[in-house]
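Read the structure below first, then the notes.
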Amino acid sequence: MTAIGTRLPRQEDPRLLRGRGRFGDDVNVPGQLHARLVRSPSAHGQIRVLDVTEARKAPGVAAVVTAGDLPDHHVIPVRLAIAGTDLSAFLQPVLARDTVRYVGEPLAVVVGDDPYACEDAAELVEIDIADQPPVLDASGAFDHGNQPCIAAELTRGYGDTDAAFAAAAHVVRIELAIGRHSGVPLEPRCLLAVPGPDRGELAIFGMTKVPVWNRDLLADLLGVDETLIRVHAIDAGGGFGVRGEFYPEDFLIPWLAVKTGRPVKWAEDRTEHLMAVNHSRQQYHRVAAAFDAGGRILGLTDDIIQDNGAYCRTHGVAVPELTAAMLPGPYRVPAYRGRVRVVLTNKTPCGTYRAPGRFEGTAAREHLLDVAAGQLGIDPVALRERNLLTRAEMPHQRPISTLGTELILDTGDYPALLAAAVDEAGRLGYRAQADVAPGSPGISIGSGRRRGFGLAMFVEKSGLGPQETADVTVTRSGAVHVYSGGTSVGQGIETVLAQIAADALGADPGSVRVTAGDTAAQPFGSGSWASRSTVVGGSAVHQAATAVRGRAIELAARILEASEEDLDLTDGAVSVRGDPDPKRARLTLADIARAAAPASRYLRDGEPAGLSARRRFEVSHMTYPYGVHAAVVEVDTGTGRVRVLRYLVAYEVGRAINPMLVEGQLRGGVAQGIGGALFEEFRYDEAGQPQAITFIEYRLPTAAEIPPVDVLLRQDAPSPGNPLGVMGAGEGGINAVGAAVANAVRDALGLAGGVGQLPLTPARVCALVSAAGDAA
């Protein structure tokens, strides 16, 4: 049995389950100072007074810094720039100088010996802001003839949509709003910056996701050489897109460490996190499809408004671009146009959250298809079947680019996966539990409760380039060390990369040690985001380990005086194939590593010593996994409460390095998706004050709200774009949850149109029930 494809326990779990993890707030050093941010209490206004005099006098305070104390006018640049889009006027300053644009925007930072004393001192900062009316409704501004601040306008598409709609036998339109919510990692952000004693070195603890990019940007802002900065690996209780981007605090804390000459630590509390970390998702869709008389799609359009909050942060406008580019999904769409207007409002700025842009776009498209199926009198599954791209049409290139790459659906059999998902749902009794026949409305089960079944299909993206770098080294003890540019954010990267290296080297995965996220160990990595760790990072490890394997066999051939073609490398040792006495002709990797030491007689002149290799895997196109979600829900028509009773994810992953971890990723994604579909939402009052700053108001789903999640994992379409044939799995579990749940609720209530808005809170469901009753 090879290491790849086996359900090995996670290497990370023993230390984490024993409380031996090393999270950001676990790291402390002698003499460290603590930092507390002073944040704007107003959503929009001019700063008239920002007086820190009393705060500087407070006991134990070492420094209080405002924008006037900082060098230049530092702003946070865009990491994911879109060609032709200039966002320079909409970037966030490190500290607000004249104008505040959202509640929670950093105004000043207090540094002192004790975190509680810093918090007390922060309350002594005198703030006077001349409030201005906040902009809070990105879509309503257009409806009332106003002209809000548009940071960017994007159009993605192809074909003649006007002609398609003119020729259509049926046109179906819906509007769907996706509520603002975000990733909520296990622990909020934390950062510790430790200055060195001599040459200006700086050690950073707490940066994740893209540590090399963050290191390089920090070096530029500080005006130092990037090799003087080392970002150390830490454990992180989830990344989900929000953790690890470069925020104002990621400059402030290191800068303060340099200025004070002492270590500085900042630990975010949960209220700060909910108002300061990137929000996401808030989009308004007006989506329409044109069909011929047989129910085949002729054209698709979507007019999208993205409420981006107060600024454009490191993601720029990548999220709405992904929505527009990927909205056609797995379907045959002859003509398509997606228009996005990115509107700035006086709310927390937005960025990515797991399946950014796709959760929103999939919800709009798949909900539209269910409404269309009802209006056309076609079963929702049948409507999808007749419009899906077939295996014979793959690869399928759309004249659209996203994230700087051409959109080429590389491989797959969409109809086969849909059929398998429908069969699996039937086998598991989903239809029976919903008490629904295909295409019919939900049947009442008494006490004002109704059940419904919903299904949705999607295409994901994974493996974004441009590159990832990996080093693989076998030491004299026989241990295998992998140094990856990826980062550990809870996804199991240490286990997966160990399996890939072990497979190539014929070694025990337990002998492989993975170091990820340390810029000294791997200074050339691109990080863990966009479901790329296994696809790009794993491919780099595979290539490096394969090179080490070749090197080991080459040296073993010299030692054993045998032909390389006659040697096998299995179970961590090289032996001569067919030798009657394998003990006589067997070299372990440890033996070979010692033989590769400097001055070894087995090395040729000019040949480098050691059993090691570095490889850079480059990719110019993403790979596109795909899946089907199905849900059974129960709706209490009296209270508006929605319960998800069963959930199924059918997913094509190409090749699963560790099926157990893939299934875990999918189930975790479903849990987060249910949060966005039913519970989680950032809301603001008319003054722009956030109404969800604790877990009392921001309603996360608990274990009681998450149903059993069935997983049908398929490996029928290996990706041709990488040597492992893998596709990403980190976002497939969340992508279509909003769509499947919305479709199931619509089915339960027997709605003719759409649900209108996510999340489907009890108040919104009651309104739908009332509207359906009035219509009847």
Given the conditions (1) under 26 Å from the mean Cα position of the chain (by Cα); (2) among the β-branched types (V, I, T); (3) surrounded by fewer than 21 Cβ atoms within 10 Å (Cβ to Cβ), which single one is not true for V224? (1)
Residues satisfying the stated conditions in region 515-531, i.e. open to solvent by 20 Å² or more (accessible area, probe 1.4 Å) and out of contact with any Lys or Arg (no Cβ under 9 Å at 6 or more places or on another chain): T515, A521
Here the residues within region 40-64 that are polar (S, T, N, Q) and in contact with a Gly (Cβ under 9 Å, 6 or more places away or on another chain) are S40, S42
Number of the exception - L17 against (1) within 24 Å of E187 (Cβ to Cβ); (2) touching a helix residue (DSSP H, G or I) at 6+ places or on another chain (Cβ under 8 Å): (2)
Tell me the residue from V482, V474, V512, V496 that is aliphatic (A, V, I, L, M), over 26 Å from G664 (Cβ atoms), buried (at least 22 other Cβ atoms within 10 Å of the Cβ) and at pLDDT 95 or above, please. V474
Taking the criterion of being part of a strand (DSSP E or B), of a type in the set (A, V, I, L, M, F, W, C), outside the structural domain of A507 (by TED's automatic domain parsing) and surrounded by 18 or more Cβ atoms within 10 Å (Cβ to Cβ), would at least one residue in region 20-32 satisfy it? no
Looking at region 691-701, which of its residues are within 21 Å of the chain's Cα centre (by Cα) and open to solvent by 50 Å² or more (accessible area, probe 1.4 Å)? R699, L700
Taking the criterion of being within 14 Å of L252 (Cβ to Cβ) and either of a type in the set (A, V, I, L, M, F, W, C) or not assigned by TED's automatic domain parsing to the domain that holds R262 (or both), would at least one residue in region 118-135 satisfy it? yes
Can you give me the number of residues within region 154-202 that are under 30 Å from G21 (Cβ atoms) and not in a strand (DSSP E or B)? 11
Can you tell me how many residues within region 221-230 are in contact with a Gly (Cβ under 7 Å, 6 or more places away or on another chain) and either of a type in the set (S, T, Y) or not in a helix (DSSP H, G or I) (or both)? 1
Scanning region 658-688 for residues that are under 20 Å from the mean Cα position of the chain (by Cα) and of a type in the set (D, E, K, R), the one least open to solvent (accessible area, probe 1.4 Å) turns out to be E680
Quick check, is A203 open to solvent by less than 70 Å² (accessible area, probe 1.4 Å), closer than 30 Å to D302 by Cα and either in contact with a His (Cβ under 8 Å, 6 or more places away or on another chain) or among the charged types (D, E, K, R) (or both)? no
Output the helices (runs of 4 or more DSSP H) that fall wholly within region 289-406 and possess 3 or more residues being of a type outside the set (F, W, Y) and surrounded by fewer than 24 Cβ atoms within 10 Å (Cβ to Cβ), or say none. 358-376, 380-385
Taking the condition without any contact (Cβ under 8 Å) to a residue 40 or more places away in the chain and crowded, with 18+ Cβ neighbours inside 10 Å, does L751 pass? yes
Quick check on my filter: what residues within region 614-627 are farther than 10 Å from G463 by Cβ and open to solvent by less than 10 Å² (accessible area, probe 1.4 Å)? Y626, G627
Can you give me the number of residues within region 547-567 that are under 14 Å from L505 (Cα atoms) and either without any contact (Cβ under 8 Å) to a residue 12 or more places away in the chain or out of contact with any strand residue (DSSP E or B) (no Cβ under 8 Å at 6 or more places or on another chain) (or both)? 2
Return the only residue of A219, A233, A169, A193 being modelled with pLDDT of 95 or more, over 23 Å from G357 (Cβ atoms), in contact with a strand residue (DSSP E or B) (Cβ under 9 Å, 6 or more places away or on another chain) and open to solvent by 20 Å² or more (accessible area, probe 1.4 Å). A169
Which numbered condition in (1) within 23 Å of S533 (Cα to Cα); (2) open to solvent by 10 Å² or more (accessible area, probe 1.4 Å); (3) touching a residue at least 24 places away in the same chain (Cβ under 8 Å) is the only one that F246 fails? (2)
Looking at Q543, Q491, Q467, which is the one that is open to solvent by 30 Å² or more (accessible area, probe 1.4 Å), under 20 Å from the mean Cα position of the chain (by Cα) and touching a residue at least 24 places away in the same chain (Cβ under 8 Å)? Q491
Quick check on D98: is it touching a Gly at 6+ places or on another chain (Cβ under 7 Å), exposed (fewer than 15 other Cβ atoms within 10 Å of the Cβ), in the same structural domain as L217 (by TED's automatic domain parsing) and on the phi < 0 side of the Ramachandran plot? no
Taking only region 66-93 into account, find how many residues are surrounded by fewer than 20 Cβ atoms within 10 Å (Cβ to Cβ) and not in a loop (DSSP other than H, G, I, E, B). 9
For a quick check of your reading of the model, give me the residue pairs whose first member lies in region 595-610 and is modelled with pLDDT of 80 or more, whose second is basic (K, R), with beta-carbon atoms closer than 7 Å and at least 6 apart or on different chains. Y602/R558
Does T534 fit the bill of being touching a helix residue (DSSP H, G or I) at 6+ places or on another chain (Cβ under 6 Å), closer than 22 Å to V242 by Cβ and open to solvent by less than 10 Å² (accessible area, probe 1.4 Å)? no
Residue satisfying condition, being outside any helix (DSSP H, G or I) and either open to solvent by 20 Å² or more (accessible area, probe 1.4 Å) or in contact with a strand residue (DSSP E or B) (Cβ under 9 Å, 6 or more places away or on another chain) (or both), within set S770, S719: S719
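The values are calculated or read from the model by the stated rules, or taken from the named source; none is laboratory data. All of these numbers come straight from a predicted model, not from anything done at the bench. Every residue, glycine as well, gets a Cβ built from its backbone with ideal geometry; the counts of neighbours run over all protein chains shown. Accessible surface is based on the protein model in full, side chains and every heavy atom, while ligands, DNA and RNA are left aside. Shrake-Rupley method; radii C 1.70, N 1.55, O 1.52, S 1.80 Å.
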